[in-house]
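Peer 1: Below are the structure tokens for one structure; questions will follow.
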Amino acid sequence: MQRGISTLVVLTFGAALALLAGCTPGGDGLTVRTSTTRSSPTLLGGATVEYHEVAVVSETGGGSSPTAGPTGRAAKLDTPGRIDAFTGQFSRPLADKVRTALAEAEVAPGEVVVGQVIGYGCHGAEIVGVHLVADGLLISGSSTHGANEECYAPITTVALISVDADTA
């Protein structure tokens with residue numbers, strides 16, 4: 001009986017530490033995933049937009065939220081001033097990851113990179129689709145967290161994509 005209780009205490013303590021550290025299975029909450037594969041758009045509202053995924057960057061305690069910024073829409077990241085304004089909402093580690101991904105991005109001629117926070121919660125997010133709405137581009141994200149899940153160290157996920165310059 002004593003051994004069973006000790007094992008339960010150790011497992012519970014370990015799970016609590018993982019939550020406090022913002023860890024996700026197989027990762028440390030400090031991930032960068034990149035791809036240059038053209039994704040198929042998904043209809044979620046507004047006209048769908050063809051795009052290239054440049055990077056999906058996540059950071060535990062990265063700051064901001066999906067509705068941050070003046071409109072909660074994707075920001076054009078084509079000048080140093082716009083990049084500074086966009087990355088200013090994040091913690092330094094996440095801002096550095098975004099800047100690194102932008103510096104390493106291979107953007108096709110006639111395209112421009114835009115970025116948006118697509119997730120803020122217990123788990124990272126993935127791009128679901130990109131849509132042209134009345135007031136700009138909306139990058140939709142999907143996360144696997146539960147509605148009532150409490151996060152002690154939320155993970156901010158930023159999507160960087162390239163789209164036709166005329167669309168951005």
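The values are calculated or read from the model by the stated rules, or taken from the named source; none is laboratory data. A quick note: this is a predicted structure, and the numbers were derived from the prediction, not measured. Positions of Cβ are backbone-derived with ideal geometry, glycine not excepted, and every protein chain shown enters the neighbour counts. Remember, those area values only see protein heavy atoms, side chains included, never the ligands or the DNA or RNA. Shrake-Rupley method; radii C 1.70, N 1.55, O 1.52, S 1.80 Å.
Peer 1: Using modelled amide H (1.01 Å from N, peptide plane; none on Pro or chain starts), what sits under 5 Å from the amide H of Gly129, excluding residues fewer than 5 places away?
Peer 2: Ser140
Peer 1: Something else about it: At 1.4 Å probe size, with no ligands or nucleic acids counted, give the accessible surface of Asp84 in Å², nearest ten.
Peer 2: Probe radius 1.4 Å; accessible area of Asp84 about 80 Å².
Peer 1: Working out 0.36 nm times the residue gap between Arg92 and Thr48, then minus their Cα-Cα distance, what length gain in nm do you get to one decimal?
Peer 2: 12.6 nm
Peer 1: Given the Cα-Cα distance of Ala85 and Glu106 and 0.36 nm per residue of separation, how much length would full extension add, in nm?
Peer 2: 5.4 nm
Peer 1: Short version: ³J(HN,Hα) in whole Hz for each residue of region 150-160, in order, from phi by Karplus 6.51 cos²θ - 1.76 cosθ + 1.60 (θ = phi - 60°), x for Gly and Pro, what are they?
Peer 2: My calculation for region 150-160 gives 9, 10, 8, 9, x, 9, 9, 10, 10, 9, 10 Hz in order.
Peer 1: Modelling each spin label as a point 7 Å along the Cα-to-Cβ direction, I'd like the Glu149/Thr167 distance in nm, to one decimal.
Peer 2: 2.9 nm
Peer 1: A further question on this structure: Got a sec? What order do Cys151, Cys122 fall in by accessible area at 1.4 Å, biggest, i.e. largest, first?
Peer 2: From most accessible down to least: Cys151, Cys122.
Peer 1: Over 17 Å, how big is the tail of the calculated P(r) for region 92-140, in percent of all Cα pairs?
Peer 2: Percent of Cα pairs beyond 17 Å in region 92-140: 52.
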